[in-house]
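One structure below.
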Amino acid sequence: MKIQYATTPGEFTRCYEVMKELRPHHSLESFLTTLDDMRKEGYHLLYLEDEGRMVSVAGFRFTTTLYDGLIIDFDDFVTLADGRSKGYGAMVFDHLVGIAKEKGIKAIHLNSNHQRFDAHRFYLNKKMKIIAHHFRVDV
């Protein structure tokens with residue numbers, strides 16, 4: 001198994017096959033267009049392969065905040081439904097923790113929709129804390 005950064009159109013397309021479980025509102029075309037814009041803004045996409053099959057994807061940014069300094073901001077994190085509870089997500093999460101440690105980053109942040117109870121259990125098991133409410137207004 002190997003965790004690596006997606007950098008090629010082929011890898012981005014393969015990442016979409018996993019990401020669409022989390023972001024089903026995107027077609028491949030809209031995913032690739034949005035991904036291109038996000039990458040220009042500092043978005044990184046990691047993936048984990050097992051025996052040539054992409055099974056887990058994580059999208060994140062390095063962001064500097066007044067409250068925590070430099071952080072890793074997790075935008076997207078998903079493992080294929082048939083690959084859950086096999087340790088894939090933990091490997092990717094732990095890899096990001098390693099990146100944070102290497103860069104002297106003291107915190108990883110993520111937003112998770114309120115009804116994603118299985119994901120919340122995973123995050124809490126990884127020692128994440130619920131520290132805020134996230135608000136949004138559609139305009």
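The values are calculated or read from the model by the stated rules, or taken from the named source; none is laboratory data. Just so it is clear, the model here is predicted, and its values are computed rather than measured. Don't worry about glycine lacking a Cβ; one is built from the backbone with ideal geometry, like all the others, and counts go over all protein chains shown.
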Search result, residues across region 81-124 that are assigned to a helix (DSSP H, G or I), farther than 15 Å from Phe60 by Cβ and out of contact with any strand residue (DSSP E or B) (no Cβ under 7 Å at 6 or more places or on another chain) = Ala81, Asp82, Ala90, Phe117, Asp118, Ala119, His120, Arg121, Phe122, Leu124
task = Within region 90-132, track down each residue that is closer than 16 Å to Asp76 by Cα, of a type outside the set (A, V, I, L, M, F, W, C) and modelled with pLDDT under 95.
result = His109, Asn111, Ser112, Asn113, His114, Gln115, Arg116, Asp118, His120, Tyr123
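Conditions tested, residue by residue: (1) over 23 Å from Arg116 (Cα atoms); (2) acidic (Asp, Glu); (3) more than 13 Å from the chain's Cα centre (by Cα); (4) assigned to a loop (DSSP other than H, G, I, E, B).
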{"residue": "Gly42", "(1), (2), (3), (4)": "yes, no, yes, yes"}
{"residue": "Gly59", "(1), (2), (3), (4)": "no, no, no, no"}
{"residue": "Thr63", "(1), (2), (3), (4)": "yes, no, yes, no"}
{"residue": "Phe74", "(1), (2), (3), (4)": "no, no, no, no"}
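How about region 104-118: which of its residues are hydrophobic (A, V, I, L, M, F, W, C), under 22 Å from Arg84 (Cα atoms) and touching a residue at least 12 places away in the same chain (Cβ under 8 Å)?
First, pick out the residues of region 104-118 that are hydrophobic (A, V, I, L, M, F, W, C): 105, 107-108, 110, 117.
In the following step, the residues that additionally are under 22 Å from Arg84 (Cα atoms) were identified as 108, 110, 117.
Passing the criteria: Ile108, Leu110.
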inquiry  = On the basis of being over 24 Å from Met38 (Cβ atoms) and outside any helix (DSSP H, G or I), does Lys127 make the cut?
reply    = yes
query = How many residues are within 19 Å of Lys106 (Cβ to Cβ) and either modelled with pLDDT under 95 or among the charged types (D, E, K, R) (or both) when one looks only at region 33-62?
reply = 1
key: Candidate set: region 77-103, residues that are touching a residue at least 40 places away in the same chain (Cβ under 8 Å) and surrounded by 19 or more Cβ atoms within 10 Å (Cβ to Cβ); chosen: the one nearest to the chain's Cα centre (by Cα)   = Phe77
key: Filter result for Met128 (within 19 Å of Gly10 (Cβ to Cβ), surrounded by fewer than 18 Cβ atoms within 10 Å (Cβ to Cβ), of a type in the set (A, V, I, L, M) and within 16 Å of the chain's Cα centre (by Cα))   = no
